[in-house]
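Here's the structure we're looking at; comments come further down.
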Amino acid sequence: MHDLYRLITLASQIAGKSKATRWRRYGVGRYLAVTLAAVGVVVLAGCGELPQTIMHPAGDDARLILDLLVPVLWIALVILVVVVGFLIVSMVKYRYRPGNDGIPPQIHGNPRLEITWMVASALIVAVLAVMTFKTMSIRAEAPGPGALIVEVTANQWWWEFTYPELDVVTANELYLPIGQEVDLRLASNDVIHSFWFPSLSGKQDVVPGTVNRMNFVPEEIGVYPGQCTEFCGLAHGQMRMAAFVVSPAEFDRWVEMQQTGADPALATSPGAQVFQINCAACHSIRGTAAAFGQIGPELTGIGARTTLGAGVVNHTPETLAEWIRDPSQIKPGVLMPALGVDVGDVPAALSEDDITALVNYLEQMR
Amino acid sequence: MATMTQTLPVAQTWKSDVWSWITTVDHKRIAKLYLFAAVAFFAIAGTESMIMRTQLATPDGTLIDGSLYNQLFTMHGVSMIFIAIMPLNAGFFNLLVPLHIGARDVAFPRLNALSFWMFLFGAIFLNLSFFTGAPDGGWFAYPPLTGKEFSPGTGMEHWILGLAVLGTSSIISSLNFAVTIFNLRAPGMKMTRMPVFTWMTLVTSFLILFAFPPFTVASVLLLTDRIVGTGFFNPVAGGDPVLWQHLFWFMGHPEVYVLILPPMGIVSEVLPTFARKPLFGYTAVVFSGISIGFMGFAVWAHHMFAVGLGPIANGVFTAITMLIAIPTGVKVLNWSATLFRASIKITTPMLFAVSFVALFTIGGLSGMMHAASPVDMQHTDTYFIVAHLHYVLFGGSIFGILAGIYYWWPKLTGRLLNERLGKIHWFLAFLGFNITFGPMHILGNDGMPRRVYTYISGQGWDTWNLVATGGAYLMALSFLLFAFIVLKGLRGEKSAGDDPWDGATLEWATTSPPAVHNFDSMPVVGSNRPVWDGKYGGSPAPMDPAAAESDIHMPKASYWPIFVALGLAFAAAGVIYSYPMSAVGVVMIFYGTFAWTQESTVGPPARPSGSGAGH
């Protein structure tokens, strides 16, 4: 934001200065200022929070890539300005003027000049290649000892995260302690997906039949949205996730909560019974005897999650109730059946009272 | 001199009946068929994109659902690539190559007709899928998503069989043009004197010849995975989904050059004409095109940097991809240098051609950015790539093709398109294009993935999406204007004359539109700008009116090409609808091919367009 204000200030300064130049005769300065101001306003309007941008890295890999991207972008911009500038100047300077009907000099080429710019192109490419290979060699380093192992399993259209060393399973919200390297092993249960937290790291496709690896160090505390980026079917656009980069102490608290699971005292609540009958075949919650389902996302700690349906809606008791009633209203294509609405002659599996009890029960999983 | 064409027999003019179009083997009429059909499919695919842009104008758009959106973006990509830009290019091959090299037609006129009808039926077959559920797995059709388990409908069969028919059509057409260029050049038309457009046609033909057969085989493997349960690409059955990606992109990347090299050729003709200078560094431009063609086969895996091929493979493909920047840069610099110390006539085709250079440069530079595989790890599958590919294929290919349509309209119809309206069209298209695709660079950088039918607000994407949609409507408006300009240009505009732009190549040495036999006498070529040098260079004109031939035999019209193409369409459609239909189709192919070999090919003598035609 700050940069943009500076840009606009700069533009108006240019406009002011141009009074002294010959631009003024053509009104170019004023025109330029108005254009820049208009562009600035549009940019500002489009600005604000950019949670998924690659321009503000919070992980070492994203930072490493940005450090390559920025110089490459500048090289590209310089070339662009030179080429487009030459085209515009030529179109103006060498345009046909009435009366000037002579044939311009018939220049067929200039081998020396052509070899020069071929060599120049090759040099630019060589510089780019060296920078790129340097970055690639750093990225290719295997994770060191002591890295936190997380197994990522992609499904249509949600993510499962397993911490094998910690005996923790969760879904769609990935917790990472700041400063500790993470060693991700990515697998898919169905089609090809791609795992991407722009703030933390470059993306990695998740291919069924193989386990892909990636590693990075989260460097800044915060919540970072991510999303599937390989087209994976109907709800591809709604296969989101979030990474919570937290302090080591908070991470330990979270791990403990996930390991403990449901408070045993809740086992007799009315919601617990609704869950056992209607939900447990697909979902599991740590600490409950009969909740072992593997088809749907793990629900241990669901009460603490910030979103539902793989990042589709914010999590409130109301949206949770809506989700249980008919998730396809929120996320078309979702495999979970509608439990709270009549389907044809078949009455709803859950009454509104059941849903209220279930929501109360789930909200306490935190 | 255009009046001389009026002596043509009625059966060979615009007013001829439908049957003569169905049976035509004249390369110029086939060009018109290609261009007309391709523009229609371009309009359909463009409408698909307008629906998508409307859906994405605001977050949580509700105009269409995900299922339809996925069909639309798949069909938009497949259509623009295979049944809009490729046949638009083919239209120019047909119109220009025989004229450029001083031939009366292509080497195999009936095969040429077969290519067109196969393309038309393949394209219609592909679009018929909308009635039963169009393919929705992306134009790249990655399994396992496109396997039977995850795509149970018949959309994928339309994709596979449609592309098989279209691919075969392209292979036949490529053989035809390669043979034509090698064998039918007029005396003195050495390879080193050929117009750059014809050179690019030759390179493109070889790209298609090598890229499409493996792809066609791969898609048949995918078909057997789907209909008889083989497991080539199914990991559950021990197959490898990444194998498909290799086979697909081995076609998919050269395909990009198939789409862009012919418009590069067009621009290489248009820029010198309106600069009134020769192309700067003809040899370098031609060799750049050839080396781009060669290298284009060794870069396919840069579409797969995120797949997990490992640092060695990614490194090799990074290096070769960056190497392509060199010949590409050389081309851009040579085009730019053509304008140096020129006397530039700012016409509509020139505006489109210069825009091509600028916009293609932007697309090329963003391509250079994600040639660096680490950068691609962030940019791939985001809107940054959408921006990049549209700067190459719309700002590049389509702007080049529009330049070509304005430039060669006289050779299609004998008339000029309206210059004043044309410039307005250019302005709207240029503005709309940049407003649409420029912001997509920012959207991609800010993390918006491709191929999402909706997005939530709060990502900083709302404004730029709205701006992009606004630009898209502006572009749609520009194309409505273009439709009006073209319709007006069929009848309402003034006659062009033989050589309205003061051109340099052989097509300007004959009438507008050319007579059915193209040239009254055999052109004799002494340089790579024969017509220009005939006018200004002191060398003799390529056409000698005194040498006009009186006994010219053109190939006879034939209905076997459309018959065989129809058989192939039945054979393909039958795989989905009923196997007996396929059997009928196969019988038609064999019978039609046999009958084809038995008919006489020499038509009645064509009358010269009158002594003194040409220069």
Give the residues of region B:462-484 that are closer than 29 Å to B:Phe36 by Cβ and either open to solvent by 30 Å² or more (accessible area, probe 1.4 Å) or hydrophobic (A, V, I, L, M, F, W, C) (or both), sorted by residue number.
B:Ala472, B:Tyr473, B:Leu474, B:Met475, B:Ala476, B:Leu477, B:Phe479, B:Leu480, B:Leu481, B:Phe482, B:Ala483, B:Phe484
Please go through (1) open to solvent by 30 Å² or more (accessible area, probe 1.4 Å); (2) of a type outside the set (Phe, Trp, Tyr); (3) under 20 Å from A:Ile355 (Cα atoms) for A:Ala289 and return the number of the only condition it doesn't satisfy.
(3)
So is B:Gly329 free of Cβ contacts under 8 Å to residues at least 40 places away in the same chain, touching a strand residue (DSSP E or B) at 6+ places or on another chain (Cβ under 9 Å) and open to solvent by 10 Å² or more (accessible area, probe 1.4 Å) or not?
no
Sort through A:Leu176, A:Leu166, A:Leu200 and tell me the only one that's farther than 24 Å from A:Lys331 by Cα, open to solvent by less than 40 Å² (accessible area, probe 1.4 Å) and more than 14 Å from every other protein chain (Cβ to nearest Cβ).
A:Leu176
Taking B:Thr216 as the residue in question, decide whether it is surrounded by 17 or more Cβ atoms within 10 Å (Cβ to Cβ) and either acidic (Asp, Glu) or under 12 Å from B:Ile160 (Cα atoms) (or both).
yes
May I ask you to verify whether B:Ser495 is open to solvent by 50 Å² or more (accessible area, probe 1.4 Å), modelled with pLDDT under 95 and within 12 Å of chain A (Cβ to nearest Cβ)?
no
Give the residues of region A:184-197 that are open to solvent by 10 Å² or more (accessible area, probe 1.4 Å) and within 17 Å of A:Glu141 (Cα to Cα), sorted by residue number.
A:Arg185
Among residues of region B:148-172, those that are open to solvent by 20 Å² or more (accessible area, probe 1.4 Å) and in contact with a Lys or Arg (Cβ under 8 Å, 6 or more places away or on another chain), counted
1
Scan of region B:351-368 for residues that are farther than 23 Å from B:Leu428 by Cα and open to solvent by less than 10 Å² (accessible area, probe 1.4 Å), ordered by number:
B:Ser366
Which of the numbered conditions does B:Ala298 fail, given that it passes all the others? Conditions: (1) closer than 23 Å to B:Trp139 by Cβ; (2) at the interface with another protein chain (Cβ under 10 Å from one of its Cβ atoms).
(2)
Extreme residue, farthest from the other protein chains (Cβ to nearest Cβ), among residues of region B:327-360 that are β-branched (Val, Ile, Thr) and part of a helix (DSSP H, G or I)
B:Thr348
Scanning region B:435-445 for residues that are of a type outside the set (Phe, Trp, Tyr) and without any contact (Cβ under 8 Å) to a residue 60 or more places away in the chain, which turns out farthest from B:Ala358 (Cα to Cα)?
B:Ile442
Conditions: (1) among the small types (Gly, Ala, Ser); (2) touching a Leu at 6+ places or on another chain (Cβ under 9 Å); (3) surrounded by fewer than 19 Cβ atoms within 10 Å (Cβ to Cβ). B:Ser457 meets all but one. Number of the miss?
(2)
Per the list (1) surrounded by fewer than 23 Cβ atoms within 10 Å (Cβ to Cβ); (2) not in a loop (DSSP other than H, G, I, E, B), residue check on B:Pro410 breaks on (1)
Is there a residue in region A:179-187 that is closer than 30 Å to B:Ala141 by Cβ, within 11 Å of another protein chain (Cβ to nearest Cβ) and outside any loop (DSSP other than H, G, I, E, B)?
yes
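Okay, residues lined up against (1) part of a loop (DSSP other than H, G, I, E, B); (2) open to solvent by 10 Å² or more (accessible area, probe 1.4 Å); (3) under 26 Å from B:Val220 (Cβ atoms):
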{"position": "B:Tyr257", "(1), (2), (3)": "no, yes, yes"}
{"position": "B:Ile266", "(1), (2), (3)": "no, no, no"}
{"position": "B:Pro272", "(1), (2), (3)": "no, yes, no"}
{"position": "B:Val285", "(1), (2), (3)": "no, no, no"}
{"position": "B:Phe294", "(1), (2), (3)": "no, yes, no"}
{"position": "B:Ala301", "(1), (2), (3)": "no, no, yes"}
Looking for whichever is facing chain B (nearest Cβ under 7 Å), open to solvent by less than 60 Å² (accessible area, probe 1.4 Å) and at pLDDT 95 or above here; the options are A:Ala126, A:Ala122, A:Ala154. Which one fits?
A:Ala122
Checklist (1) open to solvent by less than 70 Å² (accessible area, probe 1.4 Å); (2) under 31 Å from the mean Cα position of the chain (by Cα); (3) aromatic (Phe, Trp, Tyr) applied to A:Phe133, failing item
(1)
Would you point out which residue out of A:Gly99, A:Gly144 is out of contact with any Ser or Thr (no Cβ under 8 Å at 6 or more places or on another chain) and open to solvent by 40 Å² or more (accessible area, probe 1.4 Å)?
A:Gly99
If you go through region B:52-79 one residue at a time, how many are among the hydroxyl-bearing types (Ser, Thr, Tyr), open to solvent by 20 Å² or more (accessible area, probe 1.4 Å) and either assigned to a helix (DSSP H, G or I) or touching a residue at least 12 places away in the same chain (Cβ under 8 Å) (or both)?
3
Under 6 Å between Cβ atoms, at least 6 apart or on separate chains: pull out the pairs that start in region B:80-107 with a residue that is of a type in the set (Phe, Trp, Tyr) and end on any residue that is crowded, with 24+ Cβ neighbours inside 10 Å and modelled with pLDDT of 95 or more.
B:Phe82/B:Leu166; B:Phe92/B:Gly404; B:Phe93/B:Phe177; B:Phe93/B:Thr201
It is to be established whether one or more residues within region B:361-376 are more than 23 Å from B:Val258 (Cβ to Cβ) and touching a residue at least 24 places away in the same chain (Cβ under 8 Å).
yes
Is there a residue being within 18 Å of A:Ala129 (Cα to Cα) and either within 14 Å of chain A (Cβ to nearest Cβ) or out of contact with any Asp or Glu (no Cβ under 7 Å at 6 or more places or on another chain) (or both) anywhere in region B:283-295?
yes
Just one of A:Val359, A:Val334, A:Val341, A:Val274 is buried (at least 19 other Cβ atoms within 10 Å of the Cβ) and assigned to a loop (DSSP other than H, G, I, E, B); which is it?
A:Val334
Residues of region B:219-255 being of a type in the set (Phe, Trp, Tyr) and either within 17 Å of B:Val78 (Cβ to Cβ) or open to solvent by 10 Å² or more (accessible area, probe 1.4 Å) (or both), which ones?
B:Phe232, B:Trp244, B:Phe248, B:Trp249, B:Phe250
A careful count of residues in region B:413-450 that are outside any helix (DSSP H, G or I), within 14 Å of chain A (Cβ to nearest Cβ) and at negative phi gives 4
Cβ pairs under 7 Å, 6+ apart, first in region B:592-604 and hydroxyl-bearing (Ser, Thr, Tyr), second surrounded by 14 or more Cβ atoms within 10 Å (Cβ to Cβ):
B:Thr593/B:Val564; B:Ser600/B:Lys556; B:Thr601/B:Pro555; B:Thr601/B:Lys556
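The values are calculated or read from the model by the stated rules, or taken from the named source; none is laboratory data. Since the model is a prediction, treat every value here as computed from it, not as a measurement. No Cβ is skipped: glycine too gets one built from the backbone with ideal geometry, and neighbour counts run over all protein chains shown. Areas reflect the complete protein model, heavy atoms only, side chains present, ligands, DNA and RNA absent. Shrake-Rupley method; radii C 1.70, N 1.55, O 1.52, S 1.80 Å.
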